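A short write-up of the structure that comes next.
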Amino acid sequence: MRSSLHRSTRPATPAVRPSVPAILAAIASFTLVPATSFAQAADGGTAQLAPVVVTSTRTAQSITEALPHTTVVTQQDIVNSQAPDLRTLLRNQAGVEFSTNGGMGSNTTLFMRGANSNQTLILIDGVRVSSASSGTAQLANILPDQIDHIEVVRGNVSALYGSDAIGGVVQIFTKSGAGQAPAANAQVEYGSNNTRQGTVGYGGQVGDTSFNLTGSAFKTDGFSSINTKQAPRANPNDNPYENQSVSGQVKHRFTPDWDAGVTGYYSKSKLSFDSAFGRPTDDNRTNSELYTVQAFANGKLMPDWSTHFKLAQSEDRSDTFLNGTQNGAFHTRNRQFNWQNEYALAATHTLLFGTDYLQQALDANSFGTAFGPTRNVFSVFGGYDGRLGKHQLQLNARNDHYSDFGNQGSFFAGYGYNLTNALKLIANVSNAFRAPTFNELYFPGFGNPNLQPERAKSAEAGLQYNTASTGLLRVTAFETRYDNLIVNVTQPNGLLAPQNVNKAKVQGVEASWRASVYGTDLGASVTFQNPVDEQANTQLLRRARRHAALDVGRNFGNWRFGGEWQVSSSRMDTGSRRLGGYGIVNLNARYNIDKQWFIAARVENLFDKDYQLAFPYNTQGRAGFITLGWRQR
């Protein structure tokens with residue numbers, strides 16, 4: 001029997017494969033996903049205001065008006081979940097899957113609607129944070145302490161954001177303090193694997209100025225990331241991880257029509273990781289840094305013309321070490337300028353137009369030069385968003401000019417029709433692309449400078465049902481076809497090189513639901529999909545055909561109790577291996593001692609389920625954590 005506070009290395013055991021009826025039964029038991037805020041219901045019932053989102057159109061709109069399938073992880077959701085990392089925050093979302101190479105801080109990849117990990121765009125306060133070498137972001141090093149809320153948009157939206165937005169967009173918004181009385185907060189946590197965490201923050205709004213500053217530190221001894229019975233050459237010791245993060249925002253309103261401000265985010269981490277191909281005594285380490293900084297201004301040029309300026313820079317820095325000697329360094333710098341405009345033709349008709357400029361630079365010792373490759377991207381975009389009676393229309397078009405391979409155009413066309421005040425039919429068609437990474441283009445002895453962007457076309461149809469009593473339900477059927485996918489092909493000289501040769505197709509149905517029923521917050525998501533590599537006629541790696549999640553929470557006086565259940569069918573992995581399906585249960589509770597103090601606890605993987613998200617890597621067994629928190633009132 002494993003200890004409840006530590007999990008040692010263990011072999012994988014066959015996992016129970018959840019059946020389709022079991023998943024459907026779970027969803028049917030709770031018809032819609034828990035939400036803390038909903039709009040005045042279309043059927044006349046009284047409900048809380050719906051979340052306002054910006055990612056689905058680049059302009060503010062109610063989530064119930066979003067034509068792309070959009071969901072929000074609110075600040076209250078974050079507090080209730082007690083999630084330690086970004087993966088835990090997002091793992092219940094429809095269409096979203098993760099694979100991880102071990103515990104906290106380990107390499108984490110996100111698959112949205114079956115898309116590859118480098119085909120989903122990650123933004124922090126509107127700023128790109130992906131690495132130019134790998135095309136992925138440091139998901140494992142973005143911890144919830146700095147996050148106010150997250151918007152998740154599914155499907156091709158390159159017409160709004162350019163490259164990488166094939167699977168969709170995940171936009172993370174840091175804490176701002178806007179609309180709140182200035183107050184301080186702090187909390188500390190201790191739990192399994194000698195995990196320690198502390199957060200302090202202060203923020204609010206004074207007159208026309210809002211501000212926030214939050215800092216946090218996280219440290220854990222972790223567990224052995226690799227199962228040594230599957231990879232005997234890996235180091236069997238635990239893999240510790242530590243992270244220090246800080247975020248800050250200041251915004252001032254100068255006139256009723258103009259405001260400006262600055263935001264910043266910084267994360268620094270140290271990770272011990274394992275390799276399946278070294279020696280059991282090897283010590284592998286990664287030191288990582290991620291930061292964003294931006295200045296912005298918003299205002300009105302005319303009563304019906306709003307304009308927004310943003311100047312930003314982000315860096316993704318990663319240095320690896322083997323037995324104390326540096327053996328890798330990849331440093332990406334993204335510089336970004338955005339000018340966006342909205343012109344109100346009428347009360348429910350808006351034109352969108354603007355330009356983006358992106359400069360990417362890579363400094364990597366593997367390229368053998370003082371300075372790595374650079375890229376300039378100049379983009380123009382336009383769109384229309386409007387409603388006429390029961391009809392709703394969203395049209396977007398964009399052209400991105402790349403200094404290394406020319407122009408790439410993309411479009412989005414969405415239509416909604418309200419059958420009733422509560423029920424809306426939705427249909428979208430779109431295309432998208434992913435620009436090759438610098439590794440794929442220029443890595444010495446490997447890169448192919450003749451690569452072209454990967455392309456995708458998508459069509460979807462769905463329905464949305466929203467009332468005060470039943471919450472917000474969204475069901476979407478989708479199909480995405482991929483062309484020019486970049487894969488590594490063996491050349492006549494025996495070496496591998498990337499080529500645009502592959503095709504893939506993902507068809508599926510996803511559903512998300514949020515509601516509060518008789519005082520109980522309920523949430524559910526379910527995804528059925530068929531992610532297929534059309535060249536090999538095989539299931540795409542590490543993507544399940546079926547996965548679902550259910551969560552529930554309820555307040556009882558000063559107490560709150562909650563829990564979640566996650567299930568997934570089997571997945572294919574490298575070497576024609578099949579990773580078994582799994583189901584895990586997590587619990588959480590909170591007690592408000594008084595108006596300022598609270599104590600909370602959570603249990604991860606209650607039944608100590610043995611499962612893998614990637615071969616041969618371990619996952620967290622049963623673990624417990626307790627938190628003591630304070631907020632100034």
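Please work out how much length the chain gains when fully extended from Tyr202 to Thr374, using 0.36 nm per residue of separation minus the C-alpha to C-alpha distance, in nm with one decimal.
58.1 nm
Length gain on complete extension for the stretch Ala184 to Asp608, per 0.36 nm per residue less the alpha carbon to alpha carbon distance?
Gain on stretching Ala184 to Asp608: 148.9 nm.
Just grab the label-to-label distance for Phe309 and Thr520, each label 7 Å out from Cα along the Cβ direction, in nm (one decimal).
Computed distance between label sites Phe309 and Thr520 equals 5.4 nm.
Could you tell me the distance between the Cα centroids of segment 447-467 and segment 314-344, to the nearest Å?
Segment 447-467 and segment 314-344 have Cα centres spaced 24 Å from each other.
In the neighborhood of Asn194, defined by Cβ-to-Cβ distances under 11 Å, what is the net charge if each Lys or Arg adds +1 and each Asp or Glu adds -1?
0
Report, ordered by chain and residue number, the lysines lying within cross-link reach of Lys229, taken as a straight Cα distance under 23 Å and ignoring same-chain residues fewer than 8 apart.
Partners within reach: Lys609.
Find the relative contact order for segment 492-633 and round it to a whole percent, using C-alpha pairs within less than 8 Å whose residues are 6+ positions apart.
Normalised by residue count, the contact order of segment 492-633 is 15 percent.
Segment 87-124 to segment 479-555: how many Å between their Cα centroids?
Computed from Cα coordinates, the inter-centre distance equals 11 Å.
From Cα coordinates alone, what are the radius of gyration and Dmax values for segment 579-628 in angstrom?
14.9, 47
Points 7 angstrom from Cα along the Cβ direction at Ala477 and Ala346: gap in nanometres?
Distance between the two pseudo-spin positions: 3.3 nm.
Using a simple charge model, +1 on the beta-carbon of Lys and Arg, -1 on the beta-carbon of Asp and Glu, nothing else, what dipole does the chain show about its Cα centre, in debye to the nearest 20?
Using only the charged Cβ atoms, the result is roughly 1060 debye.
Can you tell me, using C-alpha contacts under 8 Å and at least 6 residues apart, the relative contact order of the chain as a whole percent?
About 15 percent, as a whole number.
Nearest 500 deg cm²/dmol is fine: what mean residue ellipticity at 222 nm does the chain get from its DSSP H runs of n ≥ 4 alone, each adding -39,500 (n - 2.57), divided by its residue count?
After summing the helix terms and dividing by the residues of the chain, the value is -1000 deg cm²/dmol.
Which of Ile486, Ile593 comes first, and how do the rest follow, when ranked by fewest Cβ neighbours within 10 Å?
Taking fewest neighbouring Cβ atoms as first place, the list is Ile593, Ile486.
Summarise the long-distance tail of P(r) for segment 317-394 by giving the % of C-alpha pairs beyond 13 Å.
76
What does the highest-first list of 419-428, 108-117 look like by mean Cβ count within 10 Å?
So the peptides 419-428, 108-117, ranked by packing, come out 108-117, 419-428.
Relative contact order (percent) for segment 171-268, with alpha-carbon contacts under 8 angstrom and 6 or more residues of separation?
24
Report the local net charge at Ala549: Lys and Arg +1, Asp and Glu -1, summed over other residues whose C-beta lies under 9 Å from its C-beta.
-1
Which net charge results for the neighbourhood of Arg474, defined as the other residues with beta-carbon distances under 15 angstrom from its beta-carbon, given Lys and Arg at +1 and Asp and Glu at -1?
It works out to a net charge of 0.
Taking the Cα centre of segment 280-377 as the origin and placing charges on Cβ (Lys, Arg +1; Asp, Glu -1), which of Leu290, Asn327, Asn341 is farthest toward the positive end of the dipole?
Checked the options; the winner is Asn341.
Identify, among Val250, Tyr402, Ala234, the residue whose Cα sits farthest towards the positive end of the charge dipole of the chain, taking +1 on the Cβ of Lys and Arg and -1 on the Cβ of Asp and Glu, with the dipole about the Cα centre.
My answer, from the dipole projection, is Ala234.
Jot down the radius of gyration and Dmax of segment 20-631, Cα atoms only, both in angstrom.
23.5, 72
Every number in this text was worked out from the coordinates using simple rules, so none of it is lab data. Model, not experiment: these values are computed from the prediction. Positions of Cβ are backbone-derived with ideal geometry, glycine not excepted, and every protein chain shown enters the neighbour counts.
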